[in-house]
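One structure below.
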Amino acid sequence: QVQLVESGGGLVQAGGSLRLSCAASGVRFSINVMEWYRQAPGKPRDLVASISRDGNTDYLDSVKGRFTISGDNANNAWSLQMNSLQPDDTAVYYCAAKSVFGSYWGRGTQVTVSS
């Protein structure tokens with residue numbers, strides 16, 4: 001059974017940094033795309049960043065230049081370095097993995113940025 005577990009969330013002041021990590025276990029296939037989503041209360045879930053198996057990255061416009069996604073294909077783990085955090089970044093952050101067999105999700109980790 002595939003499980004994704006996020007870690008690294010918390011409370012930080014505006015301008016601060018956090019690093020989120022995601023570890024996937026029970027994986028018996030290749031993960032093609034590693035992703036981070038976020039969802040704030042009352043808002044839809046947004047794709048924040050993604051990294052493909054060959055290293056191509058993509059970011060939500062509002063986080064470009066502040067967030068950096070990295071992936072470790074060999075260990076099925078990926079991270080999201082978040083710098084210059086702002087109150088609008090407050091949300092539950094989810095990691096997700098896409099494969100030919102479908103998508104898998106973590107349960108989320110709360111990130112709260114105080115002003």
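The values are calculated or read from the model by the stated rules, or taken from the named source; none is laboratory data. Quantities reported herein were computed from a predicted structural model and do not represent experimental measurements. Cβ: placed from backbone, ideal geometry, glycine included. Neighbour counts: every protein chain shown. Calculation scope for accessible area: heavy atoms of the full protein, side chains included, ligands and nucleic acids excluded. Shrake-Rupley method; radii C 1.70, N 1.55, O 1.52, S 1.80 Å.
Checked against (1) surrounded by 12 or more Cβ atoms within 10 Å (Cβ to Cβ); (2) farther than 20 Å from Ser62 by Cβ; (3) among the basic types (Lys, Arg), Arg28 passes all but condition (1). Reported count of residues in the stretch 64-115, each being aromatic (Phe, Trp, Tyr), open to solvent by less than 50 Å² (accessible area, probe 1.4 Å) and within 12 Å of Glu6 (Cβ to Cβ), is 3.
For the stretch 31-54, the count of residues that are hydroxyl-bearing (Ser, Thr, Tyr) and open to solvent by 40 Å² or more (accessible area, probe 1.4 Å) is zero.
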